[in-house]
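Novice: Right, I'll just put the structure down here and ask away after.
Quick note: the coordinates plus some simple rules give every number you see, no bench work behind them. Source: prediction; values computed, not measured. Counting neighbours? That spans all protein chains shown, and the Cβs are built from the backbone with ideal geometry, glycine included.
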Amino acid sequence: MADRFKRIRALLGDESMAKLQNATVMVVGCGAVGSFAIEALARSGIGRIVVVDFDVVEESNINRQIFALSSTIGTAKVDVARARIHDINPDTDVVAVNAYFDDNTDINVNPDFVIDAIDTAESKIALYKWCVARNIPFAASMGAALKTDAAQIRTGRIYKTSVCPLAARVRKMARAENLPDFPVVYSTEVPNRAAASAGRVFGSMVTITGTFGLRLADIAIKSIIDAKNMI
């Protein structure tokens, strides 16, 4: 088989490519942000990808989730993720965990890096505690909904974030748990509250959520190649 990763190998070199192919990355949340992170990891040659989500694809996901297609509606997101990863690279070892992540979750894996693409603050904090207890580096997505300006998306550290309401809540909860600082992707754009309905349907668009996911994958890839590169 021709080397499907020859372009990234040409850019990064054999040593870095070997690190990616020998690495395990876990992505928790396979939706609007997580699906794009997973796509980038698979196309970058990550050797083992652990995908965690409890949900199924719905028609309303199609506007912003790379796994959401007419053909995948009603299918568990982790199953769609596994099939797509294998279609990109059959050699990738995929572990699909259909579960909601909380304080009681115990996944028997030891990844080199974890990406948080979860929607709820409580689950985020549970994941961060899981990572810290195992000394696993991680990066987290803050609020991507109610935003339209990709130019205001930033990478930084949770205790230095501003504007984002979800980041403010996570900051407060992380301090209460004495969690160390960690890298995040967030936006400095003021959320458009008019785009949130009473039924907690938050307006969102793929140019924002996709950028969040790709930037998280970028942090993971750089950390694997050289931990000193992580923000």
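Novice: Assigning unit charges at the beta carbon (Lys, Arg +1; Asp, Glu -1) and nothing else, what dipole magnitude in debye, to the nearest 20, does the chain show about its Cα centre?
Specialist: Using Cβ point charges on Lys, Arg, Asp and Glu, the chain gives about 720 debye.
Novice: Cross-link list Lys147/Lys228; Lys6/Lys222; Lys124/Lys172; Lys147/Lys222; Lys19/Lys160; Lys124/Lys147: which exceed 23 angstrom alpha carbon to alpha carbon?
Specialist: Exceeds cut-off: Lys147/Lys228; Lys147/Lys222; Lys19/Lys160.
Novice: Among 135-142, 53-60, what's the highest-first ranking by average C-beta atoms within 10 angstrom per residue?
Specialist: Highest mean packing first, the order is 135-142, 53-60.
Novice: Right, next: If the elastic network links every pair of Cα atoms under 10 Å, which of Leu69, Leu11, Leu216 fluctuates the most in the Gaussian network model of the chain?
Specialist: Taking springs between Cα atoms under 10 Å, the residue moving most is Leu11.
Novice: I need to check one value: relative contact order of the chain, counting alpha carbon pairs closer than 8 Å and at least 6 residues apart, in percent.
Specialist: 22
Novice: Further question: Highest mean first, what order results for 147-156, 112-121 on Cβ atoms within 10 Å?
Specialist: Ranking, from highest mean packing down: 112-121, 147-156.
Novice: A follow-up question, please. Shape of segment 161-230 from its Cα gyration tensor (a ≥ b ≥ c, root eigenvalues): rounded if a/c is under 1.5, otherwise prolate when a/b > b/c, or oblate?
Specialist: oblate
Novice: Using 0.36 nm times the number of residues separating Asp87 and Asp3, minus their current alpha carbon distance, what extension gain do you get?
Specialist: In short, 28.8 nm is gained.
Novice: Between Leu69 and Val201, what's the calculated FRET efficiency when r is the beta-carbon distance and R0 is 22 Å? Round to 0.05.
Specialist: Given R0 = 22 Å and the Cβ-Cβ separation, E is 0.60.
Novice: At R0 = 30 Å, how high is the FRET efficiency between Ala10 and Lys172 if r is their beta carbon distance? Nearest 0.05 is fine.
Specialist: 0.10
Novice: In addition: Using a simple spin-label model with points 7 Å from Cα along the Cα→Cβ vector, what separation in nm is obtained for Phe54 and Asp102?
Specialist: If labels sit at Phe54 and Asp102, their model points lie 0.6 nm apart.
Novice: Please express the shape of the chain as an equivalent ellipsoid: the semi-axes are the square roots of 5 times the eigenvalues of the C-alpha gyration tensor, given largest first in whole angstrom.
Specialist: Working from the Cα gyration tensor, I get semi-axes of 26, 21, 18 Å.
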